[in-house]
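Let me begin by presenting the structure, written as structure tokens, before commenting on it.
The values are calculated or read from the model by the stated rules, or taken from the named source; none is laboratory data. Quantities reported herein were computed from a predicted structural model and do not represent experimental measurements. Here Cβ is always computed from backbone atoms with ideal geometry, including for glycine, and neighbour counts include all displayed protein chains.
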Amino acid sequence: MALFIDGANLYATAKSLGFDIDYKRLLSEFHSRGYLLRAFYYTAVIENQEYSSIRPLIDWLDYNGYSVVTKATKEFVDQTGRRKVKGNMHIARTVSVVFGKLRTLVMLLAPRVNRRPR
């Protein structure tokens with residue numbers, strides 16, 4: 001079995017519901033349910049930034065048994081002239097799943113949360 005976590009959306013969903021995820025307990029729970037080959041955590045990171053709020057979590061996950069997969073964000077200006085940051089992990093996650101050839105697959109994909117009220 002393998003665990004594939006969409007870090008950004010899971011974090012946003014947990015935050016909107018008002019709770020924190022205990023990643024140590026999460027990993028322990030999946031280990032208790034069978035042979036856990038690997039636990040992947042996918043997230044985008046802003047490169048060339050002196051401090052990133054996600055960096056301590058990424059380092060902790062990496063040290064504590066998760067396989068962290070990061071991708072640099074892309075910065076662009078939209079049609080209205082606003083600066084946007086995009087970090088799409090869908091392809092990396094899909095490739096890992098397809099080439100994993102696993103019997104049991106667990107994906108923690110949280111629904112996209114509207115982060116701004118309309």
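So here's what we get for this one:
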read-out: Matching residues in segment 56-74 - criterion: being surrounded by 13 or more Cβ atoms within 10 Å (Cβ to Cβ) and either free of Cβ contacts under 8 Å to residues at least 12 places away in the same chain or under 17 Å from Ile5 (Cα atoms) (or both); value: Leu57, Ile58, Trp60, Leu61, Asp62, Gly65, Tyr66, Ser67, Val68, Val69, Thr70, Lys71
read-out: Ala2, sole failed condition from (1) aliphatic (A, V, I, L, M); (2) out of contact with any helix residue (DSSP H, G or I) (no Cβ under 7 Å at 6 or more places or on another chain); (3) over 17 Å from Ile54 (Cα atoms); (4) in contact (Cβ under 8 Å) with a residue 60 or more places away in the chain; value: (2)
read-out: Residue within segment 18-34 that is surrounded by fewer than 17 Cβ atoms within 10 Å (Cβ to Cβ) and modelled with pLDDT under 75 present; value: no
